[in-house]
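Q: The following block contains the structure, expressed as structure tokens.
The values are calculated or read from the model by the stated rules, or taken from the named source; none is laboratory data. No experiment lies behind these values; they were computed from the predicted model shown. Counting neighbours? That spans all protein chains shown, and the Cβs are built from the backbone with ideal geometry, glycine included. With ligands, DNA and RNA removed, areas are computed over all heavy atoms of the protein, side chains included. Shrake-Rupley method; radii C 1.70, N 1.55, O 1.52, S 1.80 Å.
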Amino acid sequence: MSKKLLIIKTGTTIPPLLEQSEDFEKWFFSGCEMVADEFMVSSIYLDEPLPTLSSVSGIIITGSAAYVTDLEAWNYVAVDYLRLAQKRGVPILGVCYGHQLLAWTFGGVVEFHKQGREIGTVDIINSAAAREDALFAGLPPRFKAQVSHLQTVTALPPEAVRLASNSFDENHAFRLGERIWSVQFHPEFSAAAVSEYIRFRADAIAAEGMAVAELLERVTSTPDAVSILPRFVRLCAELESGVSS
């Protein structure tokens with residue numbers, strides 16, 4: 001049996017999108033330019049078992065409405081699995097909750113952001129290190145991405161390399177070693193998806209002093225952010241075949 005990409009689900013999207021048969025894995029299928037049969041999906045938050053790493057070519061960890069700081073039991077299952085994956089050289093990409101989970105797994109710190117929520121379409125600024133990074137090198141120095149989060153990585157894991165930041169979050173992306181990447185933003189989100197998130201959380205957003213209408217007006221497509229996903233797929237294939245990236 002050939003190896004497949006594994007999507008570790010740490011939760012689901014919001015109810016209005018679920019009602020439209022939308023969810024994280026479907027967006028990753030599309031963003032990676034692949035079909036469902038080329039993936040394995042494990043909902044770890046529902047205690048679904050994780051596959052043996054010998055069957056996995058790469059790992060993507062999804063977002064979630066949960067908080068890493070809740071320290072749910074399944075987080076510790078993920079920690080053991082991800083540490084073993086690192087030792088075996090399996091490429092990993094963490095997204096939003098997955099980003100925070102990776103940071104926490106390898107010694108970073110995750111907390112509620114002191115400024116509250118970041119949501120909508122935002123600017124992401126690459127670091128100097130990103131220019132030489134296998135995943136980020138093809139991106140412009142500044143690009144648009146979709147976001148929706150309350151918690152953030154306030155301290156990177158030891159030896160992690162910061163790849164991107166913005167005025168809200170200094171740790172929007174990092175690399176650990178040569179095969180682990182982590183992004184706070186959502187490369188899999190479309191403009192329609194993030195707009196639905198804004199509308200769904202409109203009451204909370206307004207109570208926090210942000211203008212819902214302005215956030216919706218600023219929503220736009222984010223092709224540069226999306227491009228990270230097929231690039232990660234290519235890197236997984238190259239690393240599996242022993243081709244240097």
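Q: In the neighborhood of residue 102, defined by Cβ-to-Cβ distances under 11 Å, what is the net charge if each Lys or Arg adds +1 and each Asp or Glu adds -1? Write down the numbers at each step before the final one.
A: Details: positive: 83, 175; negative: none.
Charge balance near residue 102 sits at +2.
Q: Once the whole set of protein chains is in place, how much accessible area is left on residue 3, using a 1.4 Å probe, in Å² to the nearest 10?
A: Roll a 1.4 Å probe over it and residue 3 shows about 90 Å².
Q: Which of the trypsin sites (Lys or Arg not before Pro) across the range 95-142 are loop residues per DSSP, with 16 or fewer other Cβ within 10 Å? Write down the numbers at each step before the final one.
A: Numbers: sites: 114, 117, 131, 142; in loops: 114, 117.
Filter output for the range 95-142: 114.
Q: Taking 0.36 nm per residue of separation and subtracting the Cα-Cα distance, what length does fully extending residue 159 through residue 83 add?
A: Working: separation 76, 0.36 × 76 = 27.36 nm, distance 1.50 nm.
Between residue 159 and residue 83, full extension yields an extra 25.9 nm.
Q: Sticking with the crude label model, points 7 Å out along Cα→Cβ, report the distance from residue 54 to residue 178 in nm, one decimal please.
A: 2.5 nm
Q: Output the relative contact order of the range 79-151, whole-number percent, from Cα pairs under 8 angstrom with separation of 6+ residues.
A: Computed value for the range 79-151: 31 percent relative contact order.
Q: Something else about it: Give the distance, in whole Å, between the Cα centre of the range 1-79 and the Cα centre of the range 209-243.
A: What the calculation gives is 17 Å, centre to centre.
Q: Continuing with the same structure: Which value, in Å² and to the nearest 10, is the accessible area of residue 203 when all protein chains are kept and the probe is 1.4 Å?
A: Only protein atoms counted, so the area is about 140 Å².
Q: Something else about it: When the convex hull of the C-alpha atoms of the range 152-245 is computed, what volume per residue in Å³ does it have? All intermediate terms of the calculation are to be shown ahead of the outcome.
A: Working: hull volume 11.1 nm³, N = 94.
Hull volume over Cα atoms, normalised by residue count, gives 118 Å³.
Q: For the range 30-165, count the residues as N, evaluate 2.2 N^0.38 Å, and divide the Cα radius of gyration by that value, please. List each step's numbers first, then the result.
A: Working: Rg = 15.4 Å, N = 136, 2.2 N^0.38 = 14.2 Å.
Cα Rg divided by the expected 2.2 N^0.38 Å: 1.09.
Q: Moving on to the next point. Suppose we flag GluC sites (Glu not before Pro) only when DSSP calls them loop and at most 16 other Cβ atoms lie within 10 Å. Which is the longest uninterrupted stretch of the chain? Spell out each step's value before the answer.
A: Numbers: sites that count: 19, 33, 72, 159, 170, 178, 208.
The longest uninterrupted stretch comes out as 73-158.
Q: Given 5 Å bins starting at zero, what is the percent of C-alpha pairs of the chain in each, up to the one with the largest pair distance?
A: 1, 6, 15, 19, 22, 18, 11, 5, 2, 0, 0
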